[in-house]
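Take a look at the structure set out below.
The values are calculated or read from the model by the stated rules, or taken from the named source; none is laboratory data. It should be emphasised that the depicted structure is a prediction, and the values quoted were computed from it without experimental measurement. We place every Cβ from the backbone using ideal geometry, glycine too, and count neighbours over all the protein chains shown.
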Amino acid sequence: MIQFAVRRIILSIPILLIVATLIFFLMRTMPGGPAVAVLGDYATKEAIEALEKQMGLDRPLGVQYADFLGSLVRGDLGKSIINGRPIAPEVGRVLPYTLQLAFSSLLLGIILGIPMGVFTALRRNAFFDYFGRTLSLAGVSIPTFFMGILLMLLFSIQLDLFPVMGAGDSSDLRDTLYHLFLPTLTLGLMMTAYITRTTRSAMLNVLQEEYVRTARAKGLPERIVIYGHALRNAFIPIISFIGVYAIILIGNSILVEIVFSRPGLGKMMIGAIKQRDYITLQSVMVVYASLVVFINLLIDLSYGLIDPRVKYE
Amino acid sequence: MDLGIFPRVVGAKKFESKKMNDRPLLDIRNLKTYFFLPEGVIKAVDNVSFHVGNREIVGLVGESGCGKSVTALSILGLIQSPPGQIVSGEILFQGQDLCKMSPEQLRKIRGNRIAMIFQEPMISLNPLYSIGDQIVEVYTEHYGLSRQEARKKAKEMLEKVQIPSPARRIYEYPHQLSGGMRQRAMIAMALACKPAMILADEPTTALDVTIQAQILELMVELQKLMGTSILLITHNLGAVAEYAKRVIVMYLGRVVEEAPVIPIFESPLHPYTVGLLNSIPKLGSKAIGGKKRLEEIPGMVPGLNDLPEGCYFHPRCSKGREICKRKEPKLFENQPGHRVACWAVREGW
């Protein structure tokens with residue numbers, strides 16, 4: 001298992017390399033180049049050249065590319081164009097906020113989504129099933145930023161229960177959770193909707209399997225048939241889909257961070273876009289890509305925990 | 001009254017009344033299992049009656065879709081509902097009607113007093129549970145054993161079904177076993193609680209021909225050892241001829257013929273049974289000379305949602321007359337123990 005993990009990490013290096021390369025060259029295709037992006041359309045030619053020289057953009061593209069990759073390997077994400085501060089420590093500061101949000105939402109989605117999926121599957125075509133399906137369709141369809149605003153109106157403005165913005169004092173757990181609640185609810189409800197749908201269809205498939213009939217023929221109580229034999233098999237497709245949903249979740253966390261003015265990678269990225277800080281933007285995108293690769297690694301490792309047919313060799 | 005109150009010693013036999021002695025282990029009376037689909041009502045099992053005696057092996061034969069499996073699933077109360085439902089009839093097991101039992105009572109009989117062996121062990125065993133655990137469950141559920149005790153019993157059971165090195169196999173998963181070994185594990189699971197009745201639904205169909213005989217031999221051996229009755233559901237007439245004492249032939253949800261095994265193979269009465277037997281390839285002078293072609297039953301099996309009036313077999317029957325199209329023939333006893341549902345036999349055409 002550990003060997004497999006190490007190998008998977010090594011295998012993800014080429015993936016990250018390709019992603020970093022794509023990001024690097026995409027940045028270079030910005031109209032007029034990064035210097036124009038920073039200085040604006042009316043900058044003089046001299047000013048642009050001076051800035052390009054300062055940023056090292058006058059060097060050949062190959063050199064710049066090698067320099068970019070070299071820094072990445074050393075864990076150096078470069079310096080911000082705007083304030084000249086190194087980016088890596090800033091990423092280190094905001095990353096925990098994004099991870100907190102992502103993991104708590106995913107957890108909420110799993111805790112609510114899996115039981116709801118099982119119940120709707122068991123009450124197929126009954127009232128609860130239609131109710132659950134309508135609700136999860138709504139959850140999948142409502143954009144997160146809109147959902148965030150709705151929840152904010154209800155819980156913060158009408159009921160005055162939770163704060164509208166910020167992440168609170170990170171050294172105070174209660175304050176952190178207090179500020180985390182609404183953003184987590186926003187993303188978590190979306191995850192719940194996705195996971196409910198997936199669980200429902202996975203369960204409906206598994207319940208048709210012969211081994212479920214065998215379990216019943218053995219005289220096992222329905223509780224063991226459903227939650228032992230059926231659900232355990234349903235977990236295989238559910239986990240694959242959770243891997244996909246986690247990526248959707250990360251994309252949406254950017255919107256939620258903006259809506260709730262939470263510090264985080266998303267807020268940092270949007271800030272970089274606004275300020276045309278392409279170095280920061282490029283670095284944050286690489287971090288996001290690494291996050292996605294890491295989640296996929298976790299998903300692949302978790303298969304082996306439930307399916308004996310998966311071999312890590 | 002229950003048979004179990006009588007001591008099972010040879011000397012006591014004469015005190016048992018004849019009637020009690022004759023009471024079959026399983027007695028199905030006028031069973032109707034229908035499926036209510038949007039397209040219409042499918043009468044998968046339509047007024048079926050038969051019985052299985054103590055320690056008896058009864059063959060239930062017929063083409064795919066004739067209601068053999070649905071009959072077995074009805075006995076266990078495993079008909080998926082909706083759309084399926086046991087509409088009427090009685091399934092008396094040791095004198096008690098399984099149809100009248102609560103789901104909980106029936107569950108306690110399943111896997112304990114009546115067990116089932118399924119067709120394809122690959123898909124009938126849970127891929128995520130070791131075969132040991134799948135047998136252990138039966139013991140912890142029905143005998144209330146601890147996992148440790150159950151594991152010991154499971155190991156004994158694997159030994160009984162002749163799985164080599166059971167101490168190691170108990171930890172293996174279905175995908176690590178061969179088809180034959182998987183079916184042996186399935187049999188071990190079914191026989192775990194020494195059931196009085198085994199429903200074997202095509203137990204060898206999915207196996208290699210060389211393995212089929214081994215599995216059947218094993219089943220019969222254990223059947224004798226444990227005193228179990230077997231309802232052998234199959235379209236393998238060879239297996240039926242070899243092991244069954246009586247044969248029940250079903251066609252489209254109805255029993256068309258029932259007889260002890262020798263009369264059914266030597267002098268089948270129903271045209272459908274005759275057709276079934278003629279469609280077995282035979283070795284012999286006729287076949288070798290190439291003079292006789294392998295026979296088939298003409299026509300197609302009608303869909304269960306598009307059944308003809310009268311006798312279901314009449315469109316394919318060479319002896320069919322006007323009455324066959326109008327009126328369903330009832331089973332009647334032609335000779336002692338040999339019942340058949342056919343106008344031609346009844347009227348002596």
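Scanning the range A:30-71 for residues that are under 19 Å from A:G84 (Cβ atoms) and aromatic (F, W, Y) yields a single hit, A:F68. The residue of the range B:23-51 that is nearest to B:P302 (Cα to Cα), among those that are in contact with a strand residue (DSSP E or B) (Cβ under 8 Å, 6 or more places away or on another chain) and among the charged types (D, E, K, R), is B:K43. In summary, helices (runs of 4 or more DSSP H) completely within the range B:244-327 and bearing 2 or more residues that are modelled with pLDDT under 80 occur at B:285-288. Assigned to a loop (DSSP other than H, G, I, E, B), out of contact with any helix residue (DSSP H, G or I) (no Cβ under 6 Å at 6 or more places or on another chain) and at pLDDT 90 or above, is that true of B:Y34? Judged against the criteria, B:Y34 is not a match. Taking the range A:170-217 as the range and being aromatic (F, W, Y) and under 24 Å from A:V94 (Cβ atoms) as the test, the residues that pass are A:Y178, A:F181. Among the residues of the range B:42-89, those that are part of a loop (DSSP other than H, G, I, E, B) and within 14 Å of chain A (Cβ to nearest Cβ) comprise B:G77, B:L78, B:I79, B:Q80, B:S81, B:P82, B:P83. Among the residues of the range A:284-313, those identified as more than 19 Å from the chain's Cα centre (by Cα) and either within 14 Å of chain B (Cβ to nearest Cβ) or modelled with pLDDT of 85 or more (or both) are A:Y303, A:G304, A:L305, A:I306, A:D307, A:P308, A:R309, A:V310, A:K311.
So, B:I75, is that one among the β-branched types (V, I, T), at pLDDT 90 or above and in contact with a strand residue (DSSP E or B) (Cβ under 6 Å, 6 or more places away or on another chain) or not? Considered against the rule, which asks whether it is among the β-branched types (V, I, T), at pLDDT 90 or above and in contact with a strand residue (DSSP E or B) (Cβ under 6 Å, 6 or more places away or on another chain), B:I75 comes out as yes. Confirm whether A:R74 is surrounded by 13 or more Cβ atoms within 10 Å (Cβ to Cβ) and of a type outside the set (A, V, I, L, M, F, W, C). For A:R74, the condition - surrounded by 13 or more Cβ atoms within 10 Å (Cβ to Cβ) and of a type outside the set (A, V, I, L, M, F, W, C) - is not met. Quick one: A:E52 ticks every box in (1) closer than 23 Å to A:K274 by Cα; (2) in contact (Cβ under 8 Å) with a residue 40 or more places away in the chain; (3) not aliphatic (A, V, I, L, M) bar one, so which box is it? Against the list (1) closer than 23 Å to A:K274 by Cα; (2) in contact (Cβ under 8 Å) with a residue 40 or more places away in the chain; (3) not aliphatic (A, V, I, L, M), A:E52 comes up short only on (2). Put simply, of A:I224, A:I247, A:I242, A:I299 the only residue that is within 15 Å of A:L187 (Cβ to Cβ) and surrounded by fewer than 17 Cβ atoms within 10 Å (Cβ to Cβ) is A:I247.
The set of residues in the range A:1-27 that are within 20 Å of A:K274 (Cβ to Cβ) and either among the aromatic types (F, W, Y) or surrounded by 14 or more Cβ atoms within 10 Å (Cβ to Cβ) (or both) comprises A:I23, A:M27. Residues of the range B:195-226 that are modelled with pLDDT under 90 and in a loop (DSSP other than H, G, I, E, B): B:E202, B:P203, B:T204, B:T205, B:A206, B:L207, B:D208. Listed by position, the helices (runs of 4 or more DSSP H) inside the range A:169-283 whose residues that are more than 11 Å from every other protein chain (Cβ to nearest Cβ) and on the phi < 0 side of the Ramachandran plot number at least 2 are A:173-207, A:231-259, A:265-274.
Of the residues A:V94, A:V38, A:V73, the single one that is outside the structural domain of A:F260 (by TED's automatic domain parsing) and touching a residue at least 60 places away in the same chain (Cβ under 8 Å) is A:V38.
Restricting the range B:99-109 to residues that are within 13 Å of chain A (Cβ to nearest Cβ) and in a helix (DSSP H, G or I) leaves a set whose member that is nearest to B:H142 (Cα to Cα) is B:K108. Residues in the range B:110-142 that are free of Cβ contacts under 8 Å to residues at least 24 places away in the same chain and within 9 Å of chain A (Cβ to nearest Cβ): B:I123, B:E137.
Any residue that is charged (D, E, K, R), in contact (Cβ under 8 Å) with a residue 60 or more places away in the chain and not assigned by TED's automatic domain parsing to the domain that holds B:A185 - is there at least one of those in the range B:258-268? So far as the range B:258-268 goes, yes, one or more of its residues are charged (D, E, K, R), in contact (Cβ under 8 Å) with a residue 60 or more places away in the chain and not assigned by TED's automatic domain parsing to the domain that holds B:A185. Filtering the range B:329-349 to residues that are in a loop (DSSP other than H, G, I, E, B), surrounded by fewer than 15 Cβ atoms within 10 Å (Cβ to Cβ) and at negative phi leaves B:K330, B:P336, B:W349.
For first residues located in the range A:281-299 and over 20 Å from A:F68 (Cβ atoms) and touching a residue at least 60 places away in the same chain (Cβ under 8 Å), partners that are surrounded by fewer than 19 Cβ atoms within 10 Å (Cβ to Cβ) and among the β-branched types (V, I, T) and lie 6+ apart or on another chain with Cβ distances below 7 Å form the pairs A:L297/A:I9. Answer yes if at least one residue in the range B:161-181 is buried (at least 19 other Cβ atoms within 10 Å of the Cβ), over 25 Å from the mean Cα position of the chain (by Cα), within 13 Å of chain A (Cβ to nearest Cβ) and on the phi < 0 side of the Ramachandran plot, and no otherwise. Looking through the range B:161-181, at least one residue is buried (at least 19 other Cβ atoms within 10 Å of the Cβ), over 25 Å from the mean Cα position of the chain (by Cα), within 13 Å of chain A (Cβ to nearest Cβ) and on the phi < 0 side of the Ramachandran plot.
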